[in-house]
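Contents: one structure, followed by commentary.
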Amino acid sequence: MSPQRPPERRVLLLSNGHGEDLSGALIGLALQQQGCHVEALPLVGHGRAYQQAGISTRGHTREYSTGGLGYTSLLGRITEVVQGQVLYLLSRLALLLRIARRYELVVVVGDVIPVLAAWLSRRPTAVYLVAYSSHYEGKLQLPWPCGLLLRSRRLRALYSRDQLTATDLSGQLGRPVRFLGNPFFDGALKPSEPLAGAPQQRLGLLPGSRLPEALHNLELMLRVLERLPEALRPAARLGLHAALVGKLTPQEVAPLASRLGWRLELDNPSQCRLVRGPLTLQLEWGRFAAVIQQCDLLLSMTGTAAEQCVGLGKPVLQLEGEGPQFTAGFAEAQRRLLGPGVLCAAALDAPPGSEAQLNGTARLLEQLLERLQHDPDWAQELQRVGLERIGSGGGTARMAADLRHLLNGENHG
(Lines give C-alpha, C1' and ligand atoms only; values in the text may rest on other atoms or scores of the structure.)
Protein backbone atom coordinates (compact mmCIF):
# COMPACT_ATOMS: atom_id res chain seq x y z
CA MET A 1 0.00 0.00 0.00
CA SER A 2 1.52 3.32 -1.08
CA PRO A 3 1.92 6.00 1.60
CA GLN A 4 -0.84 8.61 1.74
CA ARG A 5 0.10 11.90 0.08
CA PRO A 6 0.20 14.91 2.41
CA PRO A 7 -2.65 17.38 1.92
CA GLU A 8 -2.09 20.12 -0.65
CA ARG A 9 -1.31 23.44 1.01
CA ARG A 10 -2.83 26.57 -0.51
CA VAL A 11 -0.57 29.62 -0.65
CA LEU A 12 -1.28 33.15 -1.94
CA LEU A 13 1.62 35.34 -3.07
CA LEU A 14 1.04 39.07 -2.54
CA SER A 15 3.48 41.47 -4.22
CA ASN A 16 3.60 45.08 -5.38
CA GLY A 17 6.12 45.65 -8.14
CA HIS A 18 7.87 44.10 -11.14
CA GLY A 19 10.95 43.04 -9.16
CA GLU A 20 8.76 41.78 -6.34
CA ASP A 21 6.72 39.73 -8.82
CA LEU A 22 9.95 38.12 -10.06
CA SER A 23 10.91 37.02 -6.54
CA GLY A 24 7.35 35.92 -5.83
CA ALA A 25 7.23 33.83 -8.99
CA LEU A 26 10.50 32.07 -8.13
CA ILE A 27 9.29 31.32 -4.59
CA GLY A 28 5.95 30.13 -6.00
CA LEU A 29 7.60 27.74 -8.43
CA ALA A 30 9.70 26.24 -5.63
CA LEU A 31 6.61 25.84 -3.44
CA GLN A 32 4.76 24.14 -6.29
CA GLN A 33 7.60 21.66 -6.61
CA GLN A 34 7.06 20.88 -2.93
CA GLY A 35 3.40 20.08 -3.50
CA CYS A 36 1.75 23.40 -2.66
CA HIS A 37 -1.10 24.96 -4.62
CA VAL A 38 0.11 28.49 -5.34
CA GLU A 39 -1.73 31.53 -6.70
CA ALA A 40 -0.69 35.18 -6.88
CA LEU A 41 -2.34 38.53 -6.38
CA PRO A 42 -0.05 41.24 -7.82
CA LEU A 43 -1.08 44.65 -6.50
CA VAL A 44 0.74 46.42 -9.36
CA GLY A 45 0.65 45.60 -13.07
CA HIS A 46 -0.20 42.35 -14.82
CA GLY A 47 2.18 40.13 -12.85
CA ARG A 48 3.90 38.88 -16.01
CA ALA A 49 6.57 37.07 -13.99
CA TYR A 50 3.82 34.92 -12.50
CA GLN A 51 2.24 34.30 -15.89
CA GLN A 52 5.60 33.28 -17.38
CA ALA A 53 6.08 30.88 -14.46
CA GLY A 54 2.63 29.35 -15.00
CA ILE A 55 1.28 30.66 -11.67
CA SER A 56 -2.37 31.78 -11.77
CA THR A 57 -3.09 35.41 -10.92
CA ARG A 58 -6.33 36.47 -9.28
CA GLY A 59 -8.69 39.09 -10.70
CA HIS A 60 -8.40 41.44 -13.66
CA THR A 61 -5.02 43.19 -13.65
CA ARG A 62 -3.97 46.54 -15.08
CA GLU A 63 -0.65 48.11 -16.05
CA TYR A 64 0.26 51.74 -15.34
CA SER A 65 2.94 53.95 -16.82
CA THR A 66 4.71 54.56 -13.49
CA GLY A 67 4.85 50.89 -12.55
CA GLY A 68 2.58 51.44 -9.55
CA LEU A 69 2.66 53.12 -6.17
CA GLY A 70 6.22 53.54 -5.01
CA TYR A 71 9.44 55.52 -5.20
CA THR A 72 8.58 57.83 -8.06
CA SER A 73 8.97 61.50 -8.89
CA LEU A 74 6.35 64.06 -7.88
CA LEU A 75 5.04 63.94 -11.45
CA GLY A 76 4.88 60.18 -11.12
CA ARG A 77 2.79 60.40 -7.97
CA ILE A 78 0.40 62.84 -9.63
CA THR A 79 0.19 60.50 -12.62
CA GLU A 80 -0.65 57.61 -10.30
CA VAL A 81 -3.66 59.51 -8.98
CA VAL A 82 -4.82 60.70 -12.40
CA GLN A 83 -4.58 57.21 -13.89
CA GLY A 84 -6.64 55.75 -11.07
CA GLN A 85 -3.96 53.63 -9.45
CA VAL A 86 -5.16 54.36 -5.92
CA LEU A 87 -8.68 53.20 -6.76
CA TYR A 88 -7.25 50.15 -8.50
CA LEU A 89 -5.23 49.28 -5.40
CA LEU A 90 -8.37 49.51 -3.26
CA SER A 91 -10.17 47.15 -5.64
CA ARG A 92 -7.28 44.66 -5.32
CA LEU A 93 -7.49 44.89 -1.54
CA ALA A 94 -11.23 44.21 -1.69
CA LEU A 95 -10.55 41.13 -3.80
CA LEU A 96 -7.98 39.92 -1.27
CA LEU A 97 -10.46 40.21 1.57
CA ARG A 98 -13.02 38.16 -0.40
CA ILE A 99 -10.68 35.27 -1.20
CA ALA A 100 -8.23 35.24 1.73
CA ARG A 101 -9.93 32.40 3.65
CA ARG A 102 -9.13 29.98 0.83
CA TYR A 103 -5.42 30.07 1.69
CA GLU A 104 -3.48 28.64 4.60
CA LEU A 105 -0.67 31.14 4.18
CA VAL A 106 -0.24 34.57 2.57
CA VAL A 107 3.35 35.26 1.47
CA VAL A 108 4.14 38.96 1.12
CA VAL A 109 6.92 40.15 -1.19
CA GLY A 110 7.40 43.89 -0.99
CA ASP A 111 6.88 46.77 1.42
CA VAL A 112 4.32 48.29 3.77
CA ILE A 113 1.42 48.18 1.27
CA PRO A 114 1.22 44.37 0.89
CA VAL A 115 2.14 43.97 4.59
CA LEU A 116 -0.91 46.05 5.49
CA ALA A 117 -3.05 44.15 2.99
CA ALA A 118 -2.00 40.81 4.46
CA TRP A 119 -2.72 42.04 8.00
CA LEU A 120 -6.21 43.10 6.95
CA SER A 121 -6.80 39.63 5.51
CA ARG A 122 -6.42 38.13 9.01
CA ARG A 123 -4.60 35.12 7.57
CA PRO A 124 -1.30 33.58 8.73
CA THR A 125 1.42 35.51 6.93
CA ALA A 126 5.09 35.29 6.02
CA VAL A 127 6.86 38.44 4.82
CA TYR A 128 9.91 38.83 2.59
CA LEU A 129 10.65 42.51 3.23
CA VAL A 130 12.59 43.05 0.03
CA ALA A 131 11.92 46.80 -0.27
CA TYR A 132 13.70 47.93 2.91
CA SER A 133 17.31 47.73 4.07
CA SER A 134 19.39 49.05 6.95
CA HIS A 135 22.10 49.83 4.38
CA TYR A 136 20.18 53.00 3.48
CA GLU A 137 20.86 54.75 6.78
CA GLY A 138 22.58 52.21 9.06
CA LYS A 139 19.39 51.80 11.11
CA LEU A 140 16.14 51.02 9.35
CA GLN A 141 13.28 53.46 9.90
CA LEU A 142 10.20 51.47 8.94
CA PRO A 143 7.30 53.58 7.63
CA TRP A 144 4.20 53.68 9.80
CA PRO A 145 2.44 51.32 10.50
CA CYS A 146 4.86 48.67 9.19
CA GLY A 147 6.66 48.14 12.50
CA LEU A 148 3.40 47.55 14.38
CA LEU A 149 2.14 45.10 11.77
CA LEU A 150 5.37 43.12 11.76
CA ARG A 151 4.93 42.46 15.48
CA SER A 152 1.53 40.82 14.88
CA ARG A 153 1.06 37.24 16.08
CA ARG A 154 -0.36 36.36 12.67
CA LEU A 155 3.08 36.99 11.20
CA ARG A 156 4.73 33.55 11.29
CA ALA A 157 8.01 34.33 9.53
CA LEU A 158 9.93 37.45 8.51
CA TYR A 159 12.77 37.47 5.96
CA SER A 160 15.07 40.39 5.13
CA ARG A 161 17.08 41.26 2.01
CA ASP A 162 20.49 41.32 3.78
CA GLN A 163 22.11 40.28 7.05
CA LEU A 164 22.54 43.84 8.34
CA THR A 165 18.79 44.37 8.11
CA ALA A 166 18.06 41.00 9.73
CA THR A 167 20.21 41.88 12.73
CA ASP A 168 18.81 45.41 12.97
CA LEU A 169 15.14 44.40 12.72
CA SER A 170 15.51 41.45 15.09
CA GLY A 171 16.53 43.96 17.75
CA GLN A 172 13.89 46.53 16.84
CA LEU A 173 10.96 44.11 16.62
CA GLY A 174 11.98 41.72 19.39
CA ARG A 175 11.46 38.71 17.12
CA PRO A 176 13.66 36.65 14.79
CA VAL A 177 14.25 38.15 11.35
CA ARG A 178 16.13 35.86 8.99
CA PHE A 179 18.27 36.45 5.91
CA LEU A 180 18.16 33.40 3.63
CA GLY A 181 19.25 35.09 0.40
CA ASN A 182 17.35 36.96 -2.30
CA PRO A 183 15.22 34.95 -4.75
CA PHE A 184 15.46 37.70 -7.39
CA PHE A 185 19.22 37.06 -7.55
CA ASP A 186 18.66 33.44 -8.57
CA GLY A 187 17.12 34.70 -11.81
CA ALA A 188 20.51 36.18 -12.73
CA LEU A 189 22.32 32.86 -12.33
CA LYS A 190 20.57 30.75 -14.93
CA PRO A 191 22.77 29.32 -17.74
CA SER A 192 23.14 31.57 -20.77
CA GLU A 193 24.42 31.26 -24.34
CA PRO A 194 27.55 33.24 -25.30
CA LEU A 195 27.07 36.73 -26.67
CA ALA A 196 28.26 37.41 -30.20
CA GLY A 197 31.84 38.44 -30.88
CA ALA A 198 35.04 38.30 -28.84
CA PRO A 199 35.87 41.90 -27.83
CA GLN A 200 38.43 42.90 -25.20
CA GLN A 201 35.60 44.13 -22.95
CA ARG A 202 31.82 44.29 -23.02
CA LEU A 203 29.40 47.01 -21.94
CA GLY A 204 25.77 46.15 -21.20
CA LEU A 205 22.91 48.64 -21.44
CA LEU A 206 19.91 48.21 -19.10
CA PRO A 207 17.30 50.85 -20.02
CA GLY A 208 14.49 49.32 -17.95
CA SER A 209 11.23 47.52 -18.57
CA ARG A 210 8.47 50.14 -18.52
CA LEU A 211 7.37 52.03 -21.61
CA PRO A 212 7.64 54.82 -22.56
CA GLU A 213 10.33 55.42 -19.90
CA ALA A 214 12.57 52.62 -21.19
CA LEU A 215 12.58 54.16 -24.68
CA HIS A 216 13.55 57.56 -23.28
CA ASN A 217 16.27 55.88 -21.21
CA LEU A 218 17.64 54.13 -24.30
CA GLU A 219 17.88 57.50 -26.05
CA LEU A 220 20.05 58.88 -23.24
CA MET A 221 22.26 55.80 -23.40
CA LEU A 222 22.75 56.10 -27.16
CA ARG A 223 23.78 59.70 -26.68
CA VAL A 224 26.36 58.59 -24.10
CA LEU A 225 27.78 56.02 -26.53
CA GLU A 226 28.21 58.75 -29.15
CA ARG A 227 30.58 60.48 -26.74
CA LEU A 228 32.92 57.53 -26.22
CA PRO A 229 36.54 58.17 -27.27
CA GLU A 230 37.65 56.83 -30.64
CA ALA A 231 39.75 54.07 -29.05
CA LEU A 232 36.66 52.46 -27.47
CA ARG A 233 34.41 52.56 -30.53
CA PRO A 234 35.51 49.52 -32.58
CA ALA A 235 33.49 46.38 -31.87
CA ALA A 236 36.70 44.38 -31.40
CA ARG A 237 37.65 46.72 -28.53
CA LEU A 238 34.30 47.14 -26.76
CA GLY A 239 31.27 44.94 -27.38
CA LEU A 240 27.99 46.79 -26.83
CA HIS A 241 24.83 44.92 -25.83
CA ALA A 242 21.41 46.30 -24.85
CA ALA A 243 19.07 44.02 -22.86
CA LEU A 244 15.57 44.98 -24.05
CA VAL A 245 12.12 43.85 -22.98
CA GLY A 246 9.81 42.39 -25.60
CA LYS A 247 7.65 45.53 -25.68
CA LEU A 248 10.65 47.56 -26.87
CA THR A 249 10.45 46.15 -30.40
CA PRO A 250 12.59 47.05 -33.45
CA GLN A 251 9.61 49.06 -34.68
CA GLU A 252 9.70 51.10 -31.46
CA VAL A 253 13.47 51.57 -31.59
CA ALA A 254 13.87 52.40 -35.31
CA PRO A 255 12.44 55.98 -35.30
CA LEU A 256 14.49 56.90 -32.24
CA ALA A 257 17.66 55.44 -33.75
CA SER A 258 17.14 57.24 -37.05
CA ARG A 259 16.61 60.56 -35.34
CA LEU A 260 19.92 60.17 -33.47
CA GLY A 261 21.88 59.09 -36.55
CA TRP A 262 21.94 55.34 -35.87
CA ARG A 263 21.07 52.74 -38.52
CA LEU A 264 18.92 49.73 -37.63
CA GLU A 265 20.17 46.47 -39.17
CA LEU A 266 17.75 43.56 -38.84
CA ASP A 267 18.94 40.03 -39.65
CA ASN A 268 15.82 38.38 -38.23
CA PRO A 269 13.28 39.24 -35.48
CA SER A 270 15.71 38.10 -32.76
CA GLN A 271 18.99 39.40 -34.23
CA CYS A 272 19.22 43.12 -34.60
CA ARG A 273 21.79 45.86 -34.16
CA LEU A 274 22.16 49.62 -34.22
CA VAL A 275 25.14 51.03 -36.12
CA ARG A 276 26.61 54.53 -36.06
CA GLY A 277 30.03 54.74 -37.67
CA PRO A 278 32.31 52.25 -35.88
CA LEU A 279 29.80 51.85 -33.00
CA THR A 280 27.74 48.65 -33.15
CA LEU A 281 25.12 48.02 -30.46
CA GLN A 282 23.64 44.51 -30.39
CA LEU A 283 19.97 44.52 -29.33
CA GLU A 284 19.25 41.51 -27.12
CA TRP A 285 15.74 40.23 -26.41
CA GLY A 286 15.24 37.37 -23.96
CA ARG A 287 18.94 37.36 -23.13
CA PHE A 288 19.03 39.43 -19.98
CA ALA A 289 21.00 36.85 -17.98
CA ALA A 290 23.60 36.57 -20.75
CA VAL A 291 24.08 40.36 -20.84
CA ILE A 292 24.60 40.84 -17.11
CA GLN A 293 26.74 37.72 -16.74
CA GLN A 294 29.06 38.35 -19.68
CA CYS A 295 29.38 42.12 -19.73
CA ASP A 296 32.18 43.69 -17.69
CA LEU A 297 30.32 46.91 -16.92
CA LEU A 298 26.59 47.75 -16.93
CA LEU A 299 25.13 51.15 -17.82
CA SER A 300 21.87 50.99 -15.92
CA MET A 301 18.60 52.82 -15.35
CA THR A 302 16.94 49.94 -13.48
CA GLY A 303 16.04 48.74 -10.00
CA THR A 304 16.09 44.97 -9.58
CA ALA A 305 18.39 44.44 -12.58
CA ALA A 306 21.04 46.65 -10.99
CA GLU A 307 20.75 44.64 -7.77
CA GLN A 308 21.33 41.44 -9.72
CA CYS A 309 24.44 42.93 -11.31
CA VAL A 310 25.83 43.89 -7.91
CA GLY A 311 25.17 40.33 -6.72
CA LEU A 312 27.28 39.09 -9.64
CA GLY A 313 30.13 41.40 -8.61
CA LYS A 314 29.68 43.65 -11.67
CA PRO A 315 30.16 47.43 -11.47
CA VAL A 316 27.06 49.46 -12.32
CA LEU A 317 27.18 52.93 -13.86
CA GLN A 318 23.94 54.82 -13.32
CA LEU A 319 22.47 57.34 -15.73
CA GLU A 320 19.88 59.51 -14.02
CA GLY A 321 16.68 59.98 -16.00
CA GLU A 322 13.47 61.97 -15.92
CA GLY A 323 11.44 59.09 -14.50
CA PRO A 324 8.82 58.49 -13.39
CA GLN A 325 10.78 55.58 -11.87
CA PHE A 326 14.52 56.04 -12.42
CA THR A 327 15.05 59.58 -11.15
CA ALA A 328 17.94 61.29 -9.38
CA GLY A 329 16.30 60.50 -6.03
CA PHE A 330 15.87 56.83 -6.89
CA ALA A 331 19.46 56.62 -8.12
CA GLU A 332 20.84 58.20 -4.95
CA ALA A 333 18.87 55.79 -2.77
CA GLN A 334 20.09 52.87 -4.87
CA ARG A 335 23.73 53.88 -4.34
CA ARG A 336 23.20 53.83 -0.57
CA LEU A 337 21.49 50.45 -0.79
CA LEU A 338 23.98 48.70 -3.06
CA GLY A 339 27.26 50.25 -2.01
CA PRO A 340 30.47 51.32 -3.76
CA GLY A 341 29.96 49.12 -6.83
CA VAL A 342 27.25 51.52 -8.07
CA LEU A 343 28.54 54.80 -9.46
CA CYS A 344 27.07 57.88 -11.07
CA ALA A 345 28.52 60.88 -12.89
CA ALA A 346 25.91 63.20 -11.39
CA ALA A 347 26.86 66.82 -12.07
CA LEU A 348 25.52 69.57 -9.83
CA ASP A 349 22.30 70.95 -11.33
CA ALA A 350 22.86 68.99 -14.56
CA PRO A 351 19.45 67.76 -15.77
CA PRO A 352 19.00 64.46 -17.62
CA GLY A 353 20.15 64.75 -21.21
CA SER A 354 22.36 67.79 -20.59
CA GLU A 355 25.83 67.95 -22.10
CA ALA A 356 27.35 67.97 -18.61
CA GLN A 357 25.56 64.75 -17.65
CA LEU A 358 26.23 62.88 -20.90
CA ASN A 359 29.87 63.92 -21.20
CA GLY A 360 30.51 63.16 -17.54
CA THR A 361 28.95 59.70 -17.88
CA ALA A 362 31.04 58.91 -20.97
CA ARG A 363 34.24 59.97 -19.16
CA LEU A 364 33.41 57.89 -16.08
CA LEU A 365 32.53 54.92 -18.29
CA GLU A 366 36.00 55.10 -19.87
CA GLN A 367 37.64 55.33 -16.45
CA LEU A 368 35.74 52.31 -15.10
CA LEU A 369 36.68 50.15 -18.08
CA GLU A 370 40.30 51.17 -17.56
CA ARG A 371 40.14 50.30 -13.87
CA LEU A 372 38.62 46.89 -14.63
CA GLN A 373 41.60 46.09 -16.83
CA HIS A 374 44.30 47.18 -14.42
CA ASP A 375 42.94 46.82 -10.88
CA PRO A 376 42.24 43.16 -9.98
CA ASP A 377 41.78 44.13 -6.32
CA TRP A 378 38.70 46.15 -7.31
CA ALA A 379 37.10 43.09 -8.90
CA GLN A 380 37.61 41.18 -5.63
CA GLU A 381 36.11 44.06 -3.65
CA LEU A 382 33.05 44.07 -5.90
CA GLN A 383 32.57 40.35 -5.26
CA ARG A 384 32.73 40.98 -1.50
CA VAL A 385 30.20 43.83 -1.74
CA GLY A 386 27.87 41.65 -3.79
CA LEU A 387 27.92 38.92 -1.17
CA GLU A 388 27.30 41.45 1.61
CA ARG A 389 24.50 43.40 -0.08
CA ILE A 390 22.75 40.65 -2.09
CA GLY A 391 23.96 37.31 -0.74
CA SER A 392 24.74 34.03 -2.45
CA GLY A 393 22.53 32.12 -4.85
CA GLY A 394 19.98 29.59 -3.64
CA GLY A 395 17.79 32.02 -1.70
CA THR A 396 14.67 30.75 -3.47
CA ALA A 397 15.16 27.14 -2.38
CA ARG A 398 16.05 28.11 1.20
CA MET A 399 13.03 30.39 1.59
CA ALA A 400 10.62 27.91 0.00
CA ALA A 401 11.88 25.10 2.24
CA ASP A 402 11.41 27.30 5.30
CA LEU A 403 7.87 28.19 4.22
CA ARG A 404 7.06 24.52 3.68
CA HIS A 405 8.25 23.70 7.20
CA LEU A 406 6.02 26.52 8.41
CA LEU A 407 2.99 25.09 6.57
CA ASN A 408 3.70 21.66 7.98
CA GLY A 409 3.69 23.02 11.52
CA GLU A 410 7.32 22.11 12.09
CA ASN A 411 9.62 24.05 14.37
CA HIS A 412 10.52 27.30 12.63
CA GLY A 413 13.96 28.92 12.61
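The values are calculated or read from the model by the stated rules, or taken from the named source; none is laboratory data. Everything numeric in this text was worked out from a predicted model, so none of it was measured. Virtual Cβ from ideal backbone geometry, glycine too; neighbours counted across all protein chains shown.
As a summary of the residue check, Ala289 satisfies the conditions (1) without any contact (Cβ under 8 Å) to a residue 60 or more places away in the chain; (2) outside any strand (DSSP E or B) except for the one numbered (1).
Can we say Leu372 is in the same structural domain as Tyr128 (by TED's automatic domain parsing) and surrounded by 14 or more Cβ atoms within 10 Å (Cβ to Cβ)? Considered against the rule, which asks whether it is in the same structural domain as Tyr128 (by TED's automatic domain parsing) and surrounded by 14 or more Cβ atoms within 10 Å (Cβ to Cβ), Leu372 comes out as no.
So that you can scan it fast, the table gives a plain yes or no per residue for (1) in a helix (DSSP H, G or I); (2) surrounded by fewer than 17 Cβ atoms within 10 Å (Cβ to Cβ):
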| position | (1), (2) |
| --- | --- |
| Ala188 | no, no |
| Pro191 | no, yes |
| Ala198 | no, yes |
| Leu222 | yes, no |
| Leu240 | no, no |
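Among the conditions (1) within 30 Å of Phe184 (Cα to Cα); (2) modelled with pLDDT of 95 or more, the only one that Arg227 does not satisfy is (1).
Taking region 380-398 as the range and being touching a Gly at 6+ places or on another chain (Cβ under 7 Å) and assigned to a helix (DSSP H, G or I) as the test, the residues that pass are Leu382, Gln383, Val385, Gly386, Arg389, Gly395, Arg398.
Quick grid of which residues meet (1) in contact with a helix residue (DSSP H, G or I) (Cβ under 7 Å, 6 or more places away or on another chain); (2) assigned by TED's automatic domain parsing to the domain that holds Gln85; (3) at pLDDT 95 or above:
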position	(1), (2), (3)
Asn16	yes, yes, no
Leu22	yes, yes, no
Leu29	yes, yes, yes
Val44	no, yes, no
Gly47	yes, yes, no
Gln51	no, yes, no
Gly54	no, yes, no
Gly59	yes, yes, no
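For region 84-98, check the following and say yes or no: at least one residue is under 20 Å from the mean Cα position of the chain (by Cα) and assigned by TED's automatic domain parsing to the domain that holds Arg58. No, region 84-98 has no match at all. So for region 62-85 (the condition being in a loop (DSSP other than H, G, I, E, B) and modelled with pLDDT of 85 or more), does at least one residue qualify? No, region 62-85 contains no residue that is in a loop (DSSP other than H, G, I, E, B) and modelled with pLDDT of 85 or more. Just one of the numbered conditions (1) part of a loop (DSSP other than H, G, I, E, B); (2) surrounded by 15 or more Cβ atoms within 10 Å (Cβ to Cβ) is not true of Pro340: (2).
For region 246-273, filtered to residues that are in a loop (DSSP other than H, G, I, E, B) and in contact (Cβ under 8 Å) with a residue 40 or more places away in the chain, the residue that is surrounded by the most Cβ atoms within 10 Å (Cβ to Cβ) is Leu248.
Out of everything in region 135-171 that is small (Gly, Ala, Ser), at pLDDT below 95 and not in a helix (DSSP H, G or I), what residue ends up being nearest to Phe185 (Cα to Cα)?
Of region 135-171, the ones small (Gly, Ala, Ser) are 138, 147, 152, 157, 160, 166, 170-171.
Subsequent filtering for residues that are at pLDDT below 95 retains 138, 147, 152.
After this cut, where a residue has to be not in a helix (DSSP H, G or I) as well, the list is 138, 152.
Details: Gly138: 23, Ser152: 29 Å.
Step by step, filter region 135-171, then rank; the result is Gly138.
Which residue out of Glu320, Glu332 is without any contact (Cβ under 8 Å) to a residue 60 or more places away in the chain, within 19 Å of the chain's Cα centre (by Cα), over 17 Å from Gly239 (Cβ atoms) and part of a loop (DSSP other than H, G, I, E, B)? It would help to see each step written out before you state the result.
On the way: Glu332 fails: part of a loop (DSSP other than H, G, I, E, B).
None of the other options fit; the residue is Glu320.
Hey, any hits in region 261-276 for a residue that's closer than 20 Å to Leu368 by Cβ and not polar (S, T, N, Q)? No, region 261-276 contains no residue that is closer than 20 Å to Leu368 by Cβ and not polar (S, T, N, Q).
Only a single criterion out of (1) of a type in the set (Gly, Ala, Ser); (2) in contact with a strand residue (DSSP E or B) (Cβ under 7 Å, 6 or more places away or on another chain); (3) farther than 20 Å from Phe326 by Cα is not satisfied by Ala242, namely (3).
Exactly one residue out of Leu281, Leu337, Leu343, Leu244 is over 26 Å from Ser23 (Cβ atoms) and of a type in the set (A, V, I, L, M, F, W, C): that is Leu281.
With respect to Thr302, determine if the residue is in contact (Cβ under 8 Å) with a residue 60 or more places away in the chain and on the phi < 0 side of the Ramachandran plot. Explain how you work it out, then say what you get.
Details: in contact (Cβ under 8 Å) with a residue 60 or more places away in the chain: yes; on the phi < 0 side of the Ramachandran plot: yes.
Yes, satisfied.
Look at region 49-62: where a residue is farther than 14 Å from Leu22 by Cα and a partner is assigned to a helix (DSSP H, G or I), sitting 6+ places away or on another chain with Cβ atoms under 6 Å, you get Gly59/Leu95; Arg62/Tyr88.
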